[in-house]
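So the structure is just underneath, and the comments pick up after that.
The values are calculated or read from the model by the stated rules, or taken from the named source; none is laboratory data. As the structure is a computational prediction, the values presented were derived from the model and not from experiment. Cβ coordinates were reconstructed from backbone atoms using ideal geometry, including for glycine residues, and neighbour counts include every protein chain displayed. Ligands, DNA and RNA are stripped out before the accessible areas are found, and what is left, the full protein with its side chains, is counted by its heavy atoms. Shrake-Rupley method; radii C 1.70, N 1.55, O 1.52, S 1.80 Å.
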Amino acid sequence: MNSYNSEQRIEELNNLLEKKDIPALKDSLRRTNPVDIEEFMSELDNEASLIVYRLLRKDDAAEVFAELKQDGKHRLLTSITDPELDAIVKALNFDDVIDTLEEMPATVVKRILRNSDSEMRKRVNQFLQFPEDSAGSLMTTEFVEVNPEMTCQEVLDRIKKV
C-alpha cells in the first residue's frame with residue numbers, strides 16, 4: 001500500500017470506476033485496505049458494488065465481506081452466484097459465517113446452508129440453536145492448541161500450519 005490516506009484511496013477508486021478503467025481499478029483494489037474497500041463499496045449501487053467485489057482476489061474478497069455492514073452483505077449475497085457464495089463461506093472464519101447468518105433473513109440463510117457441505121451445515125445448525133449473546137453463541141470452535149514449553153517461533157509455526 002502506498003501512503004495514500006483512506007479518503008484519497010476511495011477517491012481514486014471512484015475515479016477509476018467512473019472511467020471504467022477495470023485493470024487500474026483491480027490493481028488499486030489490491031493495494032487498498034479491506035476496511036477502505038468496504039467503505040467504498042457501501043456508497044455504490046448494487047451493480048457497481050458487485051463489479052468491484054468480483055475484481056477482488058479471493059483472500060481479499062473474504063476479508064472485505066467480513067467488513068461489510070449487514071445491508072452490504074445482504075445486497076451482495078442476493079446478487080452473487082452459488083459458486084461465489086460457496087467461495088465466500090469457505091474463505092470466512094467460522095465465527096464470521098455465524099455472525100453473517102445471524103444477521104441475514106431466513107431466505108439468505110437457507111441459500112447459504114443449501115450451498116454448504118454437510119459438515120458446515122451441522123456446525124452452523126449447532127451454533128444457531130443458542131440464544132443470541134449467550135455463552136454458546138459467543139464461543140468458538142476454532143482454536144490452536146500449543147504447549148507451554150514451545151518457543152514463540154514454534155507457536156507461530158504451529159498457528160500457520162493449523
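For the chain, which whole percent of the accessible surface, found with a 1.4 angstrom probe, sits on carbon and sulfur atoms?
Numbers: 5090 of 10320 Å².
Reported share for carbon and sulfur atoms: 49 percent.
With everything on Cα atoms, drop me the angle between helix 118-128 and the longest principal axis of the chain, reported from 0 to 90° to the nearest 10.
80 degrees
Given 0.36 nm per residue, what is the gain on full extension from D21 to D95 after removing their alpha carbon distance, in nm?
23.1 nm
Among 75-88, 116-129, how do they line up from the highest to the lowest mean number of other beta-carbon atoms within 10 Å? Spell out each step's value before the answer.
Numbers: 75-88: 16.4, 116-129: 13.1.
Top of the packing list down: 75-88, 116-129.
Could you tell me which GluC sites (Glu not before Pro) in segment 1-63 are loop residues by DSSP with no more than 15 other beta carbons within 10 angstrom of their beta carbon? Provide the component values of the computation, followed by the final result.
Details: sites: E7, E11, E12, E18, E38, E39, E43, E47, E63; in loops: E43.
Those satisfying the criteria are E43.
At a Förster distance of 35 Å, what's the computed FRET efficiency of D45 paired with E154, Cβ-Cβ distance as r, to 0.05? The partial results should precede the final answer.
Numbers: r = 49 Å, r/R0 = 1.41.
With R0 = 35 Å, the Cβ-Cβ based efficiency is 0.10.
Which percent of the Cα-Cα distances in segment 1-122 go past 22 Å? Write out the running numbers ahead of the final one.
Values: 2417 of 7381 pairs.
Within segment 1-122, distances greater than 22 Å cover 33 percent of Cα pairs.
If each residue of separation counts as 0.36 nm, what is the full-extension length gain between V162 and N147 once their alpha-carbon separation is subtracted? All intermediate terms of the calculation are to be shown ahead of the outcome.
Details: separation 15, 0.36 × 15 = 5.40 nm, distance 1.42 nm.
My answer for the length gained is 4.0 nm.
Any idea of the accessible area per residue across the chain, 1.4 Å probe, to the nearest Å²? Walk me through the intermediate numbers first.
Working: 10320 Å² over 162 residues.
Roughly 64 Å² per residue, with all protein chains present.
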